[in-house]
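Nothing in this text is a laboratory measurement; each read-out follows from the coordinates by a stated rule. Just so it is clear, the structure is predicted and the values come from calculations on it, not from any experiment. Here the Cβ positions follow ideal geometry from the backbone for every residue, glycine too, while neighbour counts run over all protein chains shown.
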Amino acid sequence: MDFKDYITVIEDYPEKGIRFKDITTLMQNGPVYRQAIDNMIEFADKHDVDVIVGPEARGFVVGCPVAYAMEKAFVPIRKEGKLPRETITEDYGLEYGEASLSIHTDAIKPGQRVLITDDLLATGGTVKATVQLVEKLGGVVAGLAFFIELSYLDARNNKELNDYNVYSLVTFD
């Protein structure tokens with residue numbers, strides 16, 4: 001299946017010159033959304049994962065159905081201050097500033113094999129921060145799975161990500 005057919009490209013959003021990739025049109029088609037999740041599950045099965053992790057918020061719409069179907073735990077990575085128990089936090093750079101992500105300190109057990117899921121691999125900032133959080137807790141990152149990869153931003157070849165198994169449903173050049 002060519003998942004690109006189900007992703008809407010919005011010109012000049014959120015600002016002029018940006019070609020926004022909208023996954024909501026993929027998710028609005030039940031059989032296509034199911035196939036996308038099934039493809040993620042197939043990737044996860046190959047890497048023997050124990051836990052699924054997804055950063056706020058679109059990582060939830062990818063990771064939760066994968067975790068549910070595989071009967072695995074889902075661990076949310078949230079913006080700083082959004083989790084109620086003890087957390088660790090990782091700061092990372094954005095195109096226009098800084099952001100922080102947090103995880104509960106008891107969410108990942110040492111040695112657990114973790115699949116990190118998200119909607120988009122662009123510059124890699126969010127996933128790098130997520131990887132660092134998982135690894136600080138002793139988790140082993142078994143794979144990184146995305147609906148979309150923007151290959152022209154070359155995040156996959158970033159020295160901080162090139163040691164990980166990366167899977168993308170769709171690549172935009």
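Just for region 30-172, what percent of DSSP beta bridges are antiparallel, to the closest 5?
Values: 10 of 32 bridges.
If we restrict to bridges inside region 30-172, about 30 percent are antiparallel.
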- Task: With springs only between Cα atoms under 10 Å apart, run a GNM on the chain and tell me which of 147, 60, 20 wobbles the most.
- Result: 20
- Tell me, what is the percent relative contact order of the chain, built from C-alpha pairs under 8 Å that lie six or more residues apart? 18 percent
- For 164, 13, 6, what's the fewest-to-most ordering of other Cβ within 10 Å of each Cβ? 13, 164, 6
- Max mean-square fluctuation residue, GNM over the chain, Cα-Cα springs under 10 Å, options 54, 111, 30: 30
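Relative contact order of region 13-96, please, whole-number percent, based on alpha carbon pairs below 8 angstrom and at least 6 residues apart. Don't skip to the answer; put the middle values down first.
Numbers: 57 pairs, mean separation 17.6, N = 84.
So the answer I get is 21 percent.
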- Note on the structure: Comparing 152, 33, 92 in a Gaussian network model of the chain (Cα, 10 Å), the one with the largest mean-square fluctuation is 152
